[in-house]
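Report on the following structure.
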Amino acid sequence: MKNKKYYITTPIYYPSGKFHVGHCYCTVVADTIARYKRLRGYDVFFLTGTDEHGQKIEQKAKDAGKTPKEYVDDIVKDTKNLWSILGITYDKYLRTTDTEHVKCVQKIFERLYNQDDIYLSSYEGKYCTPCESFWTESQLIDGKCPDCGRDVGVVKEESYFFRLSKYQDKLLQYYKKNPDFLEPISRQNELINNFFDKGLNDICVSRTSIDWGIKVTFDPKHTVYVWIDALVNYISALGYLTDDKNKMEKFWPADLHLVGKEIFRFHAMIWPALLMALELPMPKKIFGHGWLIVDGSKISKSLGNYKDPRVYINETSVDSLRYYLLHEVTLGQDGNFSEELFLEKSNSDLSNDLGNLVSRVTAMAEKYNQGIIKKSNVYQDYDADLINSASTLVTEIEDLMDNLKISDSLTSIWKLISKANKYIDLSMPWVLAKEEKKERLNTVLYNLIETIRIVAVCLQAYMIETPEKIFNQIGISKDITTWDSAKEFGLLKDGTIVEKGQNLFPRVEIKKENKIVEEVEKNNQKEVVIEEKGYITIDDLAKVQLKVGQIIEVERIEKSDKLYKLLVDLKTEKRVIVSGIVEYYMPEELIGKKIVVVTNLKPVKLRGILSEGMLLAAGDKDVVKLLTFDDANKIENGTNIH
RNA sequence: CGCGGGGUAGAGCAGUUGGCAGCUCGUCGGGCUCAUAACCCGAAGGUCACAAGUUCGAGUCUUGUCCCCGCAACCA
């Protein structure tokens, strides 16, 4: 019998910088679904990749003194390393610079042009010459460029357009007939209310102002714009329009396109329209997931409020990070990520509940029975609860996972873990050992190890190291690690030998307070300092605006050991600045002090309070001294410093 | 009146078709000693943002108000 197939994709990410935990989130979710489907016997094709063309990449590469290709090569190398650390089991990593993809895009472009779905016209828009960017009317701020604040001019550029408007009605009909097509529903509503009600415009699918991209074969001064270049990856990866039709026939249509909410629109509108134009079947589902919010703000490059995800993994383990992303975030909604919460979860759910369970059970097996697990059947009433829950766990997970309730499915695993811990308290194996109730002890240990086996089998969808470690510790053979084997309680063989191993999840000391905040500040400083050479120019220095400020109010921030909320007088205005100097100054020492303030630092929310600047201070871990002035009285608040 | 999401215990969240307000962490008290200062039991803690309405009954439905966040044609 032919296996059922499952085709799942992540977006192809834009490699304009290092990837952060948000990218990991989406990819880990997709990986988990892929693993789950494989466990259930599906033939899975899991696609991810990078969208490597466009002006921004061209610019970034130039800044770094590399060619665009060299630039993206480096990032891709790093990304693949990250994915390998996270245990991402993609079947294909597509790069839009791959020859196959380029050819596919060109052929599609030709075809759509030939059938008049693409036509030549001109794109007219407000253009900021120094920024080399087009802006829409609504993006402009007071009629000026939102990036640099300079005047914009009207510029006409020859462009090819895709007749999106032609597909408007067909799309709407499709949405209505297939209510499961776009999820969550709220995003579908947003899409329809925002765009369809106003009517769809044809979209510009080529640019003459961008060089780094795929050339239009019949008009090479044009470069294919992102819509077609990027979206088409989902079929170019399967070899669409090549001689090898196997994958396309087997896997298309995709079962799930997992995308971020910011690109949901394009996937919900443009992509289906393109597929209609190409007369290909629609994907089964497009799901727009939410974002990770870090300490109240979204992850953003300009805030610099993120770290390399490997930092978190090094502190704990891959499985801790995967667990957090999968369990703490409801798919479809925004989720919270903070280092403190992450470590807390890792300690409580992983170290205390799961890790400790395995540890105490294997320890008892060794201590009381030389690690030998024997089948025996001296039961008590309360055994039934554990055994029932364990034997129905897999079915429960299947129900939830099939509805993409990933977080809930983990919760049901943890409910069983908790039951196992409770079962130990009820059965008190240490008493049984002391009183030499051998047969009952054997039953209890058997039930516990068997429960742990079932938990570990299920965890294979979510975690990459832990299930294997558990299997080794409880000494079981491969045939009872399969998905279906967990549907039956009692497959564990008589005489199985258990060996207590290393702790699965060592507890991590949570250093109270603001590691993360400090990190944010460091990152902000980095923005100003030019990376490699160590020198900055006078212009760079001029970017930093320094003024004399006087501290007029000092307040401790609740629940923070290190932070003061300061009100600083800059003569023309008073600003709130949050500063981590509690350890070094008493409030009364600070009041009235004249200090150096960075006034054009991007505001950051710290502990929920908007900090609109930064104080300059000298020091290291032990000593911190604020920069002050010799003759403070003689210098006025608000004076510029150069 | 551009669109969408949110406001539920100290924190982070869940609440399906309206039917006694829940989960995890933290706090407090107790138990246990197999285990990673872990595990188990119990308790405290909420005007479900506010106001009005529908209803026998509203966190849930309707209307209005306030506040937070995101999107507004390439930030996962």
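The values are calculated or read from the model by the stated rules, or taken from the named source; none is laboratory data. Since we're looking at a predicted model, the values are computed, not measured. All Cβ positions, even for glycine, are placed from backbone atoms using ideal geometry, and neighbour counts span all protein chains on display.
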**Fill in**
Considering residues that are more than 23 Å from A:Val105 (Cα to Cα) and polar (S, T, N, Q), the number found within region A:169-220 is 7
**Message:** Of all residues being surrounded by 17 or more Cβ atoms within 10 Å (Cβ to Cβ) and over 22 Å from the mean Cα position of the chain (by Cα) in region A:250-264, which is modelled with the highest pLDDT? Just the residue, please.
**Reply:** A:Phe251
**Request:** Could you tell me which numbered condition A:Ile313 fails, if it satisfies all but one of (1) more than 16 Å from RNA strand B (Cβ to nearest atom); (2) among the β-branched types (Val, Ile, Thr); (3) within 25 Å of A:Gln188 (Cβ to Cβ)?
**Result:** (3)
**Request:** Say whether the condition of being within 14 Å of RNA strand B (Cβ to nearest atom), within 25 Å of A:Gly260 (Cα to Cα) and surrounded by 20 or more Cβ atoms within 10 Å (Cβ to Cβ) is met by at least one residue in region A:341-356.
**Result:** yes
**Prompt:** Looking at (1) assigned to a loop (DSSP other than H, G, I, E, B); (2) modelled with pLDDT of 85 or more, which is the one condition that is false for A:Pro130?
**Reply:** (2)
**Message:** Looking for something assigned to a loop (DSSP other than H, G, I, E, B), acidic (Asp, Glu), near RNA strand B (Cβ under 9 Å from one of its atoms) and in contact (Cβ under 8 Å) with a residue 60 or more places away in the chain - is there at least one such residue anywhere in region A:321-333?
**Reply:** yes
**Message:** If I ask for residues that are modelled with pLDDT under 85, surrounded by 20 or more Cβ atoms within 10 Å (Cβ to Cβ) and charged (D, E, K, R), which ones from region A:311-334 would you list?
**Reply:** none
**Request:** Residue by residue through region A:136-189, note down the ones that are at pLDDT below 70, touching a strand residue (DSSP E or B) at 6+ places or on another chain (Cβ under 9 Å), loosely packed, with under 14 Cβ neighbours inside 10 Å and of a type outside the set (S, T, N, Q).
**Result:** A:Glu137, A:Gly143, A:Asp147, A:Cys148, A:Gly149, A:Arg150, A:Asp151
**Message:** I'd like to know if region A:441-450 contains one or more residues that are within 24 Å of A:Ile497 (Cα to Cα), within 37 Å of the chain's Cα centre (by Cα), within 11 Å of RNA strand B (Cβ to nearest atom) and among the hydrophobic types (A, V, I, L, M, F, W, C).
**Reply:** yes
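Conditions (1) within 13 Å of RNA strand B (Cβ to nearest atom); (2) at pLDDT 95 or above; (3) assigned to a loop (DSSP other than H, G, I, E, B), marked per residue:
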site: A:Lys37; (1), (2), (3): no, yes, no
site: A:Phe45; (1), (2), (3): no, yes, no
site: A:His53; (1), (2), (3): yes, no, yes
site: A:Lys60; (1), (2), (3): yes, no, no
site: A:Tyr71; (1), (2), (3): no, no, no
site: A:Asp74; (1), (2), (3): no, no, no
site: A:Asp78; (1), (2), (3): no, no, no
site: A:Ser84; (1), (2), (3): no, yes, no
site: A:Gly87; (1), (2), (3): no, yes, yes
**Message:** Anything in region A:6-35 that is assigned to a loop (DSSP other than H, G, I, E, B) and over 21 Å from A:Ile235 (Cα atoms)? List them, or say none.
**Reply:** A:Ser16, A:Gly17, A:Lys18, A:Phe19, A:His20
**Message:** So A:His222 passes all but one of these: (1) surrounded by 18 or more Cβ atoms within 10 Å (Cβ to Cβ); (2) in contact with a helix residue (DSSP H, G or I) (Cβ under 8 Å, 6 or more places away or on another chain); (3) over 29 Å from A:His23 (Cα atoms). Which condition number does it fail?
**Reply:** (2)
**Request:** Give just the number: which of (1) free of Cβ contacts under 8 Å to residues at least 40 places away in the same chain; (2) within 11 Å of RNA strand B (Cβ to nearest atom) does A:Trp414 not satisfy?
**Result:** (1)
**A:Ser348, sole failed condition from (1) assigned to a helix (DSSP H, G or I); (2) within 24 Å of A:Phe471 (Cα to Cα); (3) touching a residue at least 24 places away in the same chain (Cβ under 8 Å)** = (3)
**Prompt:** Of the numbered conditions (1) of a type in the set (Phe, Trp, Tyr); (2) out of contact with any Asp or Glu (no Cβ under 8 Å at 6 or more places or on another chain); (3) within 30 Å of A:Ile480 (Cβ to Cβ); (4) crowded, with 18+ Cβ neighbours inside 10 Å, A:Tyr42 satisfies every one except a single condition; which is it?
**Reply:** (4)
**Message:** Among the residues that make up region A:468-486, is at least one of them assigned to a loop (DSSP other than H, G, I, E, B), within 22 Å of A:Asn352 (Cβ to Cβ), within 16 Å of RNA strand B (Cβ to nearest atom) and among the β-branched types (Val, Ile, Thr)?
**Reply:** yes
**Prompt:** Just to be sure, is A:Val28 crowded, with 22+ Cβ neighbours inside 10 Å, of a type in the set (A, V, I, L, M) and under 12 Å from the mean Cα position of the chain (by Cα)?
**Reply:** yes
**Filter result (buried (at least 16 other Cβ atoms within 10 Å of the Cβ), within 11 Å of RNA strand B (Cβ to nearest atom) and in a helix (DSSP H, G or I)) within region A:381-411** = A:Ser407, A:Asp408
**Request:** Hey, can you tell me all the residues within region A:418-476 that are acidic (Asp, Glu) and either over 30 Å from A:Ile313 (Cα atoms) or crowded, with 23+ Cβ neighbours inside 10 Å (or both)?
**Result:** A:Asp425, A:Glu435, A:Glu436, A:Glu439, A:Glu450
**Message:** Take the residues in region A:265-310 that are among the charged types (D, E, K, R) and at pLDDT below 75; name whichever of them is farthest from A:Tyr6 (Cα to Cα).
**Reply:** A:Asp295
